[in-house]
Amino acid sequence: MSLAVVTATETRIETPTTAELPMSAARIVGLTSQIRTTTHESRTTLSPMDGKPVADIPVSSVDDVQAAFAAARNAQVGWARTPLIERKKALLKLHDLLLENQEELLDLIQLESGKTRAHAFDEIAHVALTARFYARRLHKQLSPQRRSGLFPGLTSVIVNVVPKGVVGIISPWNYPLTMAISDGIPAIAAGNAVVHKPDSQSPLIALAGVELMRKAGIPADLWQVVSGTGPVVGTAIIERADHVCFTGSTATGRKIAKQAAERLISCSLELGGKNPMIVLDSAKVDKAAAGAVNACFSAAGQLCVSIERLYVADAIYDDFRKALVEKVEAMELSSSLEFGPDMGSLVSQSQMDTTKNHVDDAVHNGATVLAGGEARPDLGPFFFEPTVLEGVTQSAQCFGEETFGPLVSLYRFSTEDEAVALANQGEYGLNASIFGNAGRARELAGRITAGTVNINEGFAATFGSLDAPMGGMRQSGLGRRHGSEGILRYTETQSVASQSLLPVSGPKSISTRKYTGIMTFALRFLRRTPRA
């Protein structure tokens, strides 16, 4: 195929960079003082909005990590004895504090991640929902449960839910509040302590979240924060934690899984994805195109569940392509700290390079750019246009590799079987979406290899439904967040059985042969009962 680039008429409204640091130096010092460190070393973070310095962040050492675990373990002993009603009160208080302090939280999320204010609010809402969800279900999820015993009426069994101890959380930069705090809330709720390494790009918003947890009544030593590189500080956490929670790349997740396996500890890993959306011929074109824009370009595509592959039925392909391109070209890009813009910045030069390289490589291998495709340094150092490609071939990097940027590839299909097969291509299985008749979409959803499938929505329906588990299949991870699964991953079960009247081995007054005969009769009798 020949190299082709389609440049559509510019219709989007774009606003110059206006980001400014909205807090004092004293406030930043107050936040960073929560980091456990003795090194007197620091590093400077930069805002992706304008490339200007945000804060000097203290760096922790391995000894600091060791001290953090010692303090966390001491605090966890007392916290595990704290009544569930007290934990519930703290989580509900956290819910309220998040909403009351949202303006500062929004500013911090934007400054450290570059996303729009609307997408920043998604994080605050998600953390608040998480706190409320687990607060109101603690007794149901954590109270001892009665189970059936060996001998009905003689054996009683209680299953206790026991906290693992100290959970290590290594959180990413793309959703720096929700991935930091939302994964830790159920760990704390279950009676654990946390040692947390937020990403080096976005520690301030994580620290602001930890500060609110302490104000809500969570003991200060229960949530320890350390700072530094993954190979040093991250490894030190994995070597000491009783469970590791990590969100990030599949490559790093594999290394963490191996390290955890060597210590025989559990881990929950939410990793990469190359998420597909299927648009059936029954879909309403305009609605599906609008849903695709949100699913592909929220947070500039830097979202684990973001859609990067669009499969559209032949019958509506041309109409969908036109509607999608029009909506993409009308998007407003800006670094404004106000509500309104549709998309913000990429977070770093690395993300910019990956996105640009994927576009250039796809075009080199025969793809056509239908919309976007260019960096926008006039808006900020890491702004890149929302981009739609057509004709992407298997030889292109972005065909199977995750871009994690504002790039989506458009394909057509003839039959539903073909659409399912295309959606299931590759090694990932995190999220998927189907637009069209809801009943038919639900039937197809069960055939998609993905931990979550959204119908007539890109990702928010499953991600925002806290009662439903969320996580990946195949190379997209291990374990689940949300739901009962999201809190029970941080616990162990302990079975406690009490035997009354008759010993399990039988009374001494009866011979072994006779007791065996009685047991045989009992087993046959119980086989005929509906419950035993």
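Exactly one condition in (1) within 20 Å of the chain's Cα centre (by Cα); (2) open to solvent by 10 Å² or more (accessible area, probe 1.4 Å) is not met by residue 315; state its number.
(1)
Residue 487: open to solvent by less than 40 Å² (accessible area, probe 1.4 Å) and in contact with a helix residue (DSSP H, G or I) (Cβ under 8 Å, 6 or more places away or on another chain), yes or no?
Answer is yes for this residue.
So if I check each of 180, 251, which one is crowded, with 21+ Cβ neighbours inside 10 Å and free of Cβ contacts under 8 Å to residues at least 60 places away in the same chain?
180
On the given criteria, is residue 270 crowded, with 23+ Cβ neighbours inside 10 Å and either acidic (Asp, Glu) or at pLDDT 95 or above (or both)?
For residue 270, the condition - crowded, with 23+ Cβ neighbours inside 10 Å and either acidic (Asp, Glu) or at pLDDT 95 or above (or both) - is met.
Out of 159, 167, which single residue is open to solvent by less than 20 Å² (accessible area, probe 1.4 Å), β-branched (Val, Ile, Thr), modelled with pLDDT of 95 or more and over 20 Å from residue 203 (Cβ atoms)?
159
Just to verify a result, which residue in segment 382-401, among those that are touching a residue at least 60 places away in the same chain (Cβ under 8 Å) and out of contact with any helix residue (DSSP H, G or I) (no Cβ under 8 Å at 6 or more places or on another chain), is least open to solvent (accessible area, probe 1.4 Å)?
Here the residue is 391.
Testing residue 363 on (1) within 29 Å of the chain's Cα centre (by Cα); (2) over 25 Å from residue 280 (Cα atoms); (3) in contact (Cβ under 8 Å) with a residue 40 or more places away in the chain, one condition comes back false. Which one is that?
All conditions are met except number (1).
Could we say that residue 485 is within 22 Å of residue 149 (Cβ to Cβ) and within 50 Å of the chain's Cα centre (by Cα) here?
So residue 485 does not fit the description; no.
Answer yes or no: is there a residue in segment 169-177 that is touching a residue at least 24 places away in the same chain (Cβ under 8 Å), part of a helix (DSSP H, G or I) and within 16 Å of the chain's Cα centre (by Cα).
There is no residue in segment 169-177 that is touching a residue at least 24 places away in the same chain (Cβ under 8 Å), part of a helix (DSSP H, G or I) and within 16 Å of the chain's Cα centre (by Cα).
Can you spot a residue in segment 298-309 that is open to solvent by 30 Å² or more (accessible area, probe 1.4 Å) and of a type in the set (Gly, Ala, Ser)?
There is no residue in segment 298-309 that is open to solvent by 30 Å² or more (accessible area, probe 1.4 Å) and of a type in the set (Gly, Ala, Ser).
In segment 436-459, which residues are touching a residue at least 24 places away in the same chain (Cβ under 8 Å), closer than 22 Å to residue 290 by Cα and open to solvent by 50 Å² or more (accessible area, probe 1.4 Å)?
437, 440, 457, listed by residue number.
Select from segment 490-532 the residues that are open to solvent by 80 Å² or more (accessible area, probe 1.4 Å) and polar (S, T, N, Q) and write down the one among them that is nearest to the chain's Cα centre (by Cα).
Filtering segment 490-532 for residues that are open to solvent by 80 Å² or more (accessible area, probe 1.4 Å) and polar (S, T, N, Q), the one nearest to the chain's Cα centre (by Cα) comes out as 493.
If residue 214 satisfies all but one of (1) surrounded by fewer than 24 Cβ atoms within 10 Å (Cβ to Cβ); (2) assigned to a helix (DSSP H, G or I); (3) of a type outside the set (Asp, Glu); (4) in contact (Cβ under 8 Å) with a residue 60 or more places away in the chain, what's the number of the condition it fails?
The number of the failed condition is (4).
Residue by residue through segment 318-329, note down the ones that are within 12 Å of residue 281 (Cα to Cα) and within 31 Å of the chain's Cα centre (by Cα).
320
Assuming residue 200 fulfils every condition listed in (1) surrounded by 24 or more Cβ atoms within 10 Å (Cβ to Cβ); (2) closer than 20 Å to residue 54 by Cβ; (3) in contact (Cβ under 8 Å) with a residue 60 or more places away in the chain apart from one, which condition is it?
Condition (1) is where residue 200 drops out.
Taking segment 267-292 as the region of interest, how many residues are of a type outside the set (D, E, K, R) and without any contact (Cβ under 8 Å) to a residue 40 or more places away in the chain?
Looking only at that region, the number is 3.
List the pairs whose first member sits in segment 466-488 and is among the basic types (Lys, Arg), whose second member is in a helix (DSSP H, G or I), and whose Cβ atoms are under 9 Å apart, counting only residues at least 6 apart or on separate chains?
Matching pairs, first to second residue: 480/486; 481/130; 481/182; 481/186.
State which residue pairs qualify: first residue in contact (Cβ under 8 Å) with a residue 12 or more places away in the chain and inside segment 28-54, second residue assigned to a loop (DSSP other than H, G, I, E, B) and surrounded by fewer than 19 Cβ atoms within 10 Å (Cβ to Cβ) in any location, beta carbons under 6 Å apart, and separation of 6 or more residues or different chains.
Qualifying pairs under 6 Å: 39/61.
For segment 366-381, enumerate the residues that are touching a residue at least 40 places away in the same chain (Cβ under 8 Å), open to solvent by 10 Å² or more (accessible area, probe 1.4 Å) and either charged (D, E, K, R) or within 23 Å of residue 292 (Cβ to Cβ) (or both).
Once the filter is applied, which keeps residues that are touching a residue at least 40 places away in the same chain (Cβ under 8 Å), open to solvent by 10 Å² or more (accessible area, probe 1.4 Å) and either charged (D, E, K, R) or within 23 Å of residue 292 (Cβ to Cβ) (or both), segment 366-381 yields 368, 370, 372, 376, 378.
Based on this model, can you work out whether residue 17 counts as modelled with pLDDT under 90, more than 24 Å from residue 164 (Cβ to Cβ) and surrounded by 14 or more Cβ atoms within 10 Å (Cβ to Cβ)?
Yes: the conditions hold for residue 17.
Cβ contacts < 7 Å: first residue within 18 Å of residue 477 (Cβ to Cβ) and open to solvent by less than 50 Å² (accessible area, probe 1.4 Å), restricted to segment 413-429; second residue assigned to a helix (DSSP H, G or I) and among the charged types (D, E, K, R), any location; separation 6+ or different chain. Result?
428/474; 429/474
Quick one: how many residues across segment 438-465 are over 18 Å from residue 269 (Cα atoms), aliphatic (A, V, I, L, M) and in contact with a Gly (Cβ under 9 Å, 6 or more places away or on another chain)?
4
The values are calculated or read from the model by the stated rules, or taken from the named source; none is laboratory data. Everything numeric here is computed off the predicted structure, so don't read it as measured data. Backbone-built Cβ (ideal geometry, glycine too); neighbour counts: all protein chains shown. Side chains included, ligands, DNA and RNA excluded: accessible areas come from the protein's heavy atoms. Shrake-Rupley method; radii C 1.70, N 1.55, O 1.52, S 1.80 Å.
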